[in-house]
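The values are calculated or read from the model by the stated rules, or taken from the named source; none is laboratory data. None of these values were measured; they are calculated from a predicted model. Cβ: placed from backbone, ideal geometry, glycine included. Neighbour counts: every protein chain shown. Ligands, DNA and RNA are stripped out before the accessible areas are found, and what is left, the full protein with its side chains, is counted by its heavy atoms. Shrake-Rupley method; radii C 1.70, N 1.55, O 1.52, S 1.80 Å.
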4 protein chains.
Amino acid sequence: MSIRGFASDNNSGISPEVLKKIEEVNRGHVVGYGDDKYTETAVDLIKKNFGTGAIPFFVFTGTAANVLGIASSIRPFHSVFCAETSHIHVDECGAPERFAGCKLIPIETPDGKIKPDMLSKHMVGFNFEHHSQPGILSISQVSEMGTAYTINEIKDLADFAHRYGLLLHMDGARLSNAVVALGTGFKEITADAGVDILSFGGTKNGLMAAESVIFFREELADEFKYIRKQGMQLSSKMRYIAAQFIAFFENDLWKRNAIAANSMAHILYLAVKDIPEIKITQKVEANGVFIILPKHIIPALQKEFFFYPWNEETGEVRWMTSWDTTEEDIRRFVKVLKELVRA
Amino acid sequence: MSIRGFASDNNSGISPEVLKKIEEVNRGHVVGYGDDKYTETAVDLIKKNFGTGAIPFFVFTGTAANVLGIASSIRPFHSVFCAETSHIHVDECGAPERFAGCKLIPIETPDGKIKPDMLSKHMVGFNFEHHSQPGILSISQVSEMGTAYTINEIKDLADFAHRYGLLLHMDGARLSNAVVALGTGFKEITADAGVDILSFGGTKNGLMAAESVIFFREELADEFKYIRKQGMQLSSKMRYIAAQFIAFFENDLWKRNAIAANSMAHILYLAVKDIPEIKITQKVEANGVFIILPKHIIPALQKEFFFYPWNEETGEVRWMTSWDTTEEDIRRFVKVLKELVRA
Amino acid sequence: MSIRGFASDNNSGISPEVLKKIEEVNRGHVVGYGDDKYTETAVDLIKKNFGTGAIPFFVFTGTAANVLGIASSIRPFHSVFCAETSHIHVDECGAPERFAGCKLIPIETPDGKIKPDMLSKHMVGFNFEHHSQPGILSISQVSEMGTAYTINEIKDLADFAHRYGLLLHMDGARLSNAVVALGTGFKEITADAGVDILSFGGTKNGLMAAESVIFFREELADEFKYIRKQGMQLSSKMRYIAAQFIAFFENDLWKRNAIAANSMAHILYLAVKDIPEIKITQKVEANGVFIILPKHIIPALQKEFFFYPWNEETGEVRWMTSWDTTEEDIRRFVKVLKELVRA
Amino acid sequence: MSIRGFASDNNSGISPEVLKKIEEVNRGHVVGYGDDKYTETAVDLIKKNFGTGAIPFFVFTGTAANVLGIASSIRPFHSVFCAETSHIHVDECGAPERFAGCKLIPIETPDGKIKPDMLSKHMVGFNFEHHSQPGILSISQVSEMGTAYTINEIKDLADFAHRYGLLLHMDGARLSNAVVALGTGFKEITADAGVDILSFGGTKNGLMAAESVIFFREELADEFKYIRKQGMQLSSKMRYIAAQFIAFFENDLWKRNAIAANSMAHILYLAVKDIPEIKITQKVEANGVFIILPKHIIPALQKEFFFYPWNEETGEVRWMTSWDTTEEDIRRFVKVLKELVRA
């Protein structure tokens, strides 16, 4: 098996700038747990990019960012609406239920994106103690199907959520890819669009293990420090997470990496879209390509380049590109693919 | 305030060997979540040091190692006996109760070390559904008071625990310091002494953010991977935690660092023990010095070198040394201390 | 509003035999918490009806029976498959998620009944730590749509569940109604059909507050007493729950009550089925009638006889009959209904 | 073994007035879940006795009243201070930890009663995210050692708690006994004394299974209905719990029962206090007598009249009297006791 593949954007390594910054902050003693100047700088950079109302907290994993952000904003008798394909519903082993104690209500979508009209029928049972009370609408940007919400789509969802008293949570594990894809800015697509709680990720875009929860409402952030600690996510040597985010924003590393990943997905898309035996199932808007392959070639192709099946019934698979994917990777991959298809 | 102090062994930085190893593993793609050759190497090194029966899992924080190790080994109706001063009871913001759902029963000790006779009166209520059922005995090695359990003391506790059907958990956030202090090996002090579940930490001894749960009973480890994921502690880019542990064991970095920290505590102890105005309250066996200071000098001393109060009533404070503490740090600190005492 | 209606089978009172038995056991002192002769008798009666392998525990509410039965049988990283309309998913305010920490996966059904082919696509991700691990298949007998599973349907589901390593849980809040509807026995429809964990309810069928969890596998029952206590459901004066179950089985009260309720639903069905303006949406197999009414008449009808809407979009409503529903109740109700429809 | 004993006030039966009231409300249909006139009456009676600011909710067990009252008032990162002997710490199998997710901090007391000076050393770590944040002070009235807090003692504790931002919770499983012992009223000893959350019990004083959570601050009660439902304690046929509380207040049943129980304890106390071989260890203020017996006679005495050991090391045992204890019961018991002592 090739050491390079299209399984996930977290199979790639770390951008050299990140390692350099980690080395740079590795000087002498600083107070632990975030009370240091590097963390202060990282917080400032986030405020600069997301607006001064942004209140960030750093954690180690995207699952933790999602679960702790949700747990701090609602009580266990609330429910969270999310796409049936969402990471919080499918890929966190029930962490939201266990830690937040709440109910997740999956919404079927054709493309990973929730629309207000999919939610209407669920806006019932308010004040009725037998039902979990609607508490949060959670969307993923980029969605797990590689599609991106436009700013207006987010605003519509925020309006809808707020009209019914729900909070809007965004799982932004791939937010940088969305910002680049839409040609917009972090603030425009989050704070300005009505997002209340954001999981903002770096790990899938060239960092080592650096994620954050960003609140856009002060009252939600008040007690979060206790929840992060009780949630086992308070880093003692916080400066090393901070360093990663500093590198992320300095010289627009986040943007360069996201542009690279998105471009590679586009190139991959162009290289395969006309192969008659395959079918591209989703718009390629960021760094993922969803595709139905002839089932019989999947094992052989996976043997050369590892990737995950998405739907074993239909033969749909997912190919993710990364900040370090090269055109050569794609050429080699498409070559093998074509050979297998035509064999 | 000096950038160097005696607040905590996690205010220090990362050993250069660790950064170098992180850079070394930062080559190309590897499968995420621990299915990579670096993680395999790190696991092998742990087995080499702790015995082939050791089954390790990597996590980011010491709190997570403790809580997840405990949560996976008992059910919520069980209780955990621990020293009143223990990290799980005092310094984890109730994380064990929240995630494991269990009861912690604090045991008063003079020196942070539990003895079997302190437990006897609690070995009641078995099979009585009104009482939390005794499930785990948790000890800290080095203890939070800077003292170390001898191998025989651990064996006695293990025998006691097992006789009553309890498991023995060890919080080994500073296990390296204990191994060095006792002149023994990892295996002798854990697996061979009857420990069932170990939190083995690296962060306080020169790593960046690398901790582990090590099970010495296969049946306890079986389902742990789900608990780690649900506990929000599965690293996607696992190779970077693995790299830290590889560096830890290569060329005995863990030992060199622990010897350095322990020696500095001893030098600090020697430098202050004869100052008549102060009182050393605990044996200095590893890298912590506990001391009662004249209350009025504490703020001034903290202003120069940050450290934590331990008992505000008595004026007891805690000084921790680290792998990178220097004799010069101690000289400067003791100089200020003496000036303040005599002022 | 009439004091009699069709809202729920728990709006009715208690059978006189039950009160009489409560009075009968109200003599002198007995040991609390279930260690008394009345509880022993109730347990024996359950074993007589459900087979000697049945291990019953008494609780106060149906929600508790479901949640505690589930919580004791799986771990939080497991998932529970249930009908989208099921009580555990819709009407327990997220109690299973909060207390068991697990994920509920709702299955869409046309009639409240799950079929094996609806589950097949979910039988994936075993051993994959990112996914909640399939743990329990939960079915409701009678279903929340008033339909009953045949014995063969249950056996097929049990086979399916066991083949994949899942347990079969039955929410039997209305099990008596199902037994009567199918002309079978308790044992045939539960233990013999492969049910592993049963919530067996009395409250909806003439008891005051008496529910039970019955395990059909000894290993599942072992630690349940602690879970019931920790779940806040251990009755101190247990004899009064026991008395209710004794009355339930003596002279076949359960059967007489269930026959009465089912018959009344059938009479109601016959009385309305030919009204052209309404549409009966589900088979009337037990004591519930599901019906689409002209939306404009619903408020007026509810004003006279309270009942719950089922689907506000379609105008579907639910009418439940009870052990004490009379033909006169139905006559008066249908009279008003017809007047409103024709107005 | 005699069918009468001194094990617990819940080994006795139900007052006849209670059964009569249950029969009385057993007429026709009423809406379920508490939306009925009987529940309204019971709520009014509680407001009449505890003040118009009292907001009561009914539940089935005392454990549930404690746990749900606590869970609704704090968040999981808070701690609860309680006597080391308290029911929530010792006799609820860890239910508070599991359901509320919080930490319990046991306070050693000589007589089951907490004094402000026992709490002072714990009033630290506010705002420090490593520590569980002080949230609730929980006291038991009557205490588990049979002693009662005076009104002034409660006021002092309330002042202390409120000064530090804690809430005052009272476990009033035996509140009626305290009211009678102190010659005061429910309101004076709760609302007027600064209690914020009260568990008010009836089961130990002649009811069948009727407990309540009473909030004295509106903001604490707002969301409680969801927590009761999610806590599996919402009764569908609520009128039957309501009936018990109606009977409790009508004709002062609560008072007659409590006076009877307290008097019997006093008579028992007088009958044994001069036996030289035994030692009464606590003031007899309500319906419990704590006593050290010669260890060798305990099994023989328990064989005749069941009661619980309290401290197996010292030979301390607990005798509880009940509303239906008779002088004849005491005479027979003391006779056997004296024979055993002198044997």
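Of the accessible area of region A:56-148, computed with a 1.4 Å probe over protein heavy atoms only, carbon and sulfur atoms account for 52 percent. Normalising the average separation of contacting C-alpha pairs (under 8 angstrom, six or more residues apart) by the number of residues puts the relative contact order of chain C at 25 percent. Screening chain B for DSSP H helices whose Cα atoms reach 20 Å or more along their own axis and whose mean Kyte hydropathy is at least -1.0 gives B:253-272, B:327-342.
Per-residue shielding of A:23-29, expressed as the average number of other chain Cβ atoms within 10 Å of the residue Cβ, stands at 6. Going from the isolated chain to the complete set of protein chains, region C:100-116 loses at least 20 Å² of heavy-atom accessible area (1.4 Å probe) at C:G101, C:K103, C:P106. Residues of region A:220-235 that bury at least 50 Å² of accessible area once all protein chains are present, compared with their chain alone (1.4 Å probe, heavy atoms only, ligands and nucleic acids left out), are A:E223, A:K225, A:Y226, A:K229, A:Q230, A:M232.
Averaged over the residues of A:128-137, the number of partner chain Cβ atoms lying within 10 Å of the residue Cβ comes to 5. Only one residue of D:L68, D:M118, D:F50 has its Cα farthest out toward the positive end of the dipole of region D:1-155, where Lys and Arg carry +1 and Asp and Glu -1 on Cβ, and that residue is D:F50. Looking at the square roots a ≥ b ≥ c of the eigenvalues of the Cα gyration tensor of chain C, which shape do they give, rounded for a/c under 1.5, prolate if a/b is larger than b/c, or oblate? Verdict is oblate for chain C. Take D:E339, push a point 7 Å out from Cα through the beta-carbon direction, and compare it with the same point in every other copy: 7.5, 8.4, 9.8 nm, smallest first. For the listed peptides B:226-234, B:312-320, a ranking on the average number of other beta carbons within 10 Å per residue, highest first, reads B:226-234, B:312-320. Just checking the listed ones, A:L167, A:L19, A:L137: in the Gaussian network model of chain A with Cα springs under 10 Å, the one fluctuating most is A:L19. Rolling a 1.4 Å probe across the protein heavy atoms gives region D:16-251 an accessible surface of 29 Å² per residue. Rounded to the nearest 5, what % of the DSSP beta bridges within region D:16-251 are antiparallel ones? The antiparallel proportion sits near 35 percent. Would you mind listing the distances between the B:M123 label point and the same position in each other copy? Use 7 Å along Cα-to-C-beta, nm, one decimal, shortest first. For B:M123, the inter-copy label distances come out at 4.0, 4.9, 6.3 nm. The contact residues of region A:45-94, meaning those that lose at least 20 Å² of 1.4 Å-probe accessible area when all protein chains sit together rather than their chain alone, are A:F60, A:T61, A:T63, A:R75, A:P76, A:F77, A:H89, A:V90, A:D91, A:C93, A:G94.
Under the classification rounded if a/c is under 1.5, otherwise prolate if a/b is larger than b/c and oblate if not, where does the protein assembly as shown fall, given a ≥ b ≥ c as square roots of the Cα gyration tensor eigenvalues? Taking the square roots of the gyration eigenvalues as a ≥ b ≥ c, the protein assembly as shown is oblate. Taking every C-alpha pair closer than 8 Å and separated by at least 6 residues, the mean separation divided by the residue count of region A:218-324 gives a relative contact order of 24 percent.
Relative to the current alpha-carbon distance between C:T326 and C:N127, full extension at 0.36 nm per residue lengthens the span by 66.2 nm. Over all other residues within a Cβ to Cβ distance under 9 Å of C:Y226, the charged ones net out to +2, with Lys and Arg as +1 and Asp and Glu as -1. Within the accessible area of region C:166-237, the carbon and sulfur atoms contribute 40%, probe 1.4 Å, all protein chains present. When the solvent-accessible area of region A:253-341 is split by element, carbon and sulfur atoms take up 55 percent of it, the probe being 1.4 Å. Measuring from the axis that maps chain D onto chain C, the chain D residue with the nearest beta carbon and its rounded distance in angstrom come out as D:F60, 2. Chain A against chain B buries an accessible area of about 4700 Å², both chains summed, 1.4 Å probe radius. Under the combined filter of DSSP loop state and at most 12 neighbouring Cβ atoms within 10 Å, region B:139-209 retains none of its GluC sites (Glu not before Pro). In the protein assembly as shown, the DSSP beta bridges split such that about 55 percent are antiparallel, to the nearest 5. The peptide list B:129-135, C:50-56, put in order of mean Cβ contacts within 10 Å with the highest first, becomes B:129-135, C:50-56. Each other residue within a Cβ distance under 14 Å of B:A286 adds +1 if Lys or Arg and -1 if Asp or Glu, for a net charge of +1. State whether region D:163-224 is rounded, prolate or oblate according to the following rule on the C-alpha gyration tensor (a ≥ b ≥ c being the square roots of its eigenvalues): a/c under 1.5 gives rounded; otherwise a/b larger than b/c gives prolate, and the remaining case gives oblate. The shape class here is oblate. When only alpha carbons are used to place a centre, region B:163-239 and region B:293-325 end up 30 Å from one another.
Neighbours of C:Y164, meaning other residues whose beta-carbon lies under 14 angstrom from its beta-carbon, give a summed charge of -2 when Lys and Arg score +1 and Asp and Glu score -1.
Here the simple spin-label model places points 7 Å from the Cα toward Cβ, and for C:R27 and C:K115 these points are separated by 5.5 nm.
Projecting 7 Å from Cα along the Cα-to-Cβ direction, the label point of C:K279 sits 3.1, 8.2, 8.6 nm from its equivalents in the other copies, listed shortest first.
Overall, the protein assembly as shown carries a charge dipole of about 0 debye about its Cα centre when +1 sits on the Cβ of Lys and Arg and -1 on the Cβ of Asp and Glu, all other atoms neutral.
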